[in-house]
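Below: the structure, in structure tokens.
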Amino acid sequence: MERDGLRAEARGEFARLLMPRRRDDAVTVLGAGADDLAPGRGFLAALAPGGWAVPTWPSDCGGRGASADDAAVIGEELARCAQPDLYPFLVGLHVIGPTLVALATPAQRRRWLPAIAAGTDIWCQLFSEPGAGSDLANVSTRAERDGDGWRVTGQKVWSSRAAYATHGFLLARSDPGVAKHAGITAFALDMAAPGVEVRPLRQMNGDAHFSEVFLDEAFVADVDRIGEIGAGWAVARTALANERGALSAVGTGGAVSSSRLLALTRTEGRADDAVLVDRVIGAHVGAEVARLTRLRARARAEAGRTPGPEGSGSKLAGSATFKGLVDAACAVLGPSAVAGDREATDEWRTLFLTAPSVSIRGGTDEIQRNIVGERVLGLPAEPRVDTERPWRDVPH
């Protein structure tokens, strides 16, 4: 009965604060084609007083301190409501936030988490570097002690939403004289600090959601260090597990549902093309399998279990599903999918140009396959010859 009361409370609050979900809501995926922060910020601000957006977070950090079962009830009711594109806030809500809950000091949690939950602050990840490739532990951005803080110098790349982020979750090398995994420290960087320069990168779909970030002796106070000095790799692994869990639970394809593809096939008068329909149904089946996999991942998260390597499998499946849906939609639309001027094709054209990026962002397909192979299937690990050598002795 207690859970029935919570459901009634949540349903009543959401009816007062939000609009019901409509089947014809616009297609969005990872912010493609949109840069408007106001709808998402308003949505989170409306939910913030009740801690509804992040119910399992502590009550003094913007949440409700809810159990996993209670959070599942709240999630079910929230799914009945219209939701704007929350991609700008996804890193803070689903990657950085849970990492801070697990690893930050109580003072840091109280300082940062409520603003993340309310949509006031937007966080980005300052992980990838041009010279490190997919080897995140090979970061070369330097962090050197300077009184009660650190001076950080280096370059990051592919930082989603860095152009308007308020904070950056930064990995930097604090000790080059030890093995690469041991000499990294994690920080929270004020993106408006002197010495921080952000240069957006234009993508082929017209978006500029990724950025290069240049750091020139940017100062970070030691109170903004996350975890112990030299323990940044453990912090990073927690964040990456949360990232894979978020993408698998939220869904790489965002609001792109197979039902929209089926409706498009009928609207375009292609339902009599047996070969095309077979392709569409194949994409539909793949999407349903991915949806059920996401439900399993969400159930794991709502049960309070730490995201595991299975998130990599879900991320791979989600990427393949999204590409399959978009490819099938383009087959339905024909040449007009990419060359036409009909308004009905605009969304699908944007998604077609966005699709290749889903195999890169959030961890490349190749890295995800390594994780599945080694940590799920038990296959031999790839040879790694530089894990024990001091980082400064390894050619870069």
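The values are calculated or read from the model by the stated rules, or taken from the named source; none is laboratory data. All values reported here derive from a predicted model rather than from experimental measurement. Note: ideal-geometry Cβ built from the backbone for every residue, glycine included; neighbour counts use all protein chains shown. Keep in mind that these areas ignore ligands, DNA and RNA; they rest on the heavy atoms of the full protein, side chains included. Shrake-Rupley method; radii C 1.70, N 1.55, O 1.52, S 1.80 Å.
Tabulated data
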item: Positive minus negative residues near residue 89 (Lys, Arg vs Asp, Glu; Cβ under 12 Å); result: 0
item: Among 198, 358, 275: highest mean-square fluctuation, GNM of the chain, C-alpha pairs under 10 Å; result: 275
item: Cα-based shape type of the range 1-134, given that a ≥ b ≥ c are square roots of the gyration tensor eigenvalues and the cut on a/c is 1.5; result: oblate
item: Under Karplus coefficients 6.51, -1.76 and 1.60, residue-wise ³J(HN,Hα) of the range 378-388 in Hz, glycine/proline x; result: x, 6, x, 6, 5, x, 10, 9, 10, 6, 9
item: ³J(HN,Hα), Karplus 6.51/-1.76/1.60, whole Hz, each residue of the range 359-376, x for Gly, Pro; result: 8, 10, 5, x, x, 5, 4, 5, 5, 4, 5, 4, 5, 4, x, 7, 9, 10
item: Helical segments meeting 18 Å axial Cα length and Kyte-Doolittle 0.5 threshold in the chain (DSSP H); result: 310-333
item: Residue among 102, 170, 183 farthest towards the positive dipole end of the range 85-183, charges placed on Cβ; result: 102
item: Built amide H within the under 5 Å cut-off of residue 124, gap 5+; result: 167, 168, 169
item: Summed side-chain charge close to residue 162 - residues other than residue 162 whose Cβ falls under 15 Å, Lys, Arg +1, Asp, Glu -1; result: -2
item: Spatial separation of Cα centroids for the range 324-375 and the range 121-199, in angstrom; result: 30
item: Within the chain: Cβ-based charge dipole about Cα centre, in debye rounded to nearest 20 (Lys, Arg +1; Asp, Glu -1); result: 600
item: Estimated 222 nm signal from helices in the chain, with DSSP H stretches of n ≥ 4 weighted -39500 (n - 2.57), rounded to 500; result: -13000 deg cm²/dmol
item: GNM flexibility winner over the chain from 227, 269, 92 (Cα, springs under 10 Å); result: 269
item: Per residue value of the accessible surface for the chain (all protein chains in place, 1.4 Å probe), Å²; result: 47
item: Antiparallel bridge percentage (DSSP; both residues within the chain; nearest 5); result: 85
item: Cut-off under 5 Å, modelled amide H: who pairs with residue 231 long-range; result: 186
item: Cβ-based net charge around residue 180, under 15 Å, with every Lys or Arg adding one and every Asp or Glu removing one; result: 0
item: Beta bridge orientation in the range 101-170: antiparallel %, DSSP, nearest 5; result: 55
item: Phi to ³J(HN,Hα) by Karplus 6.51 cos²θ - 1.76 cosθ + 1.60 over the range 200-211, Hz, x for Gly, Pro; result: x, 10, 7, 9, 6, 8, x, 6, 9, 7, 8, 9
item: The chain: most fluctuating residue of 267, 185, 345 per GNM, C-alpha cutoff 10 Å; result: 267
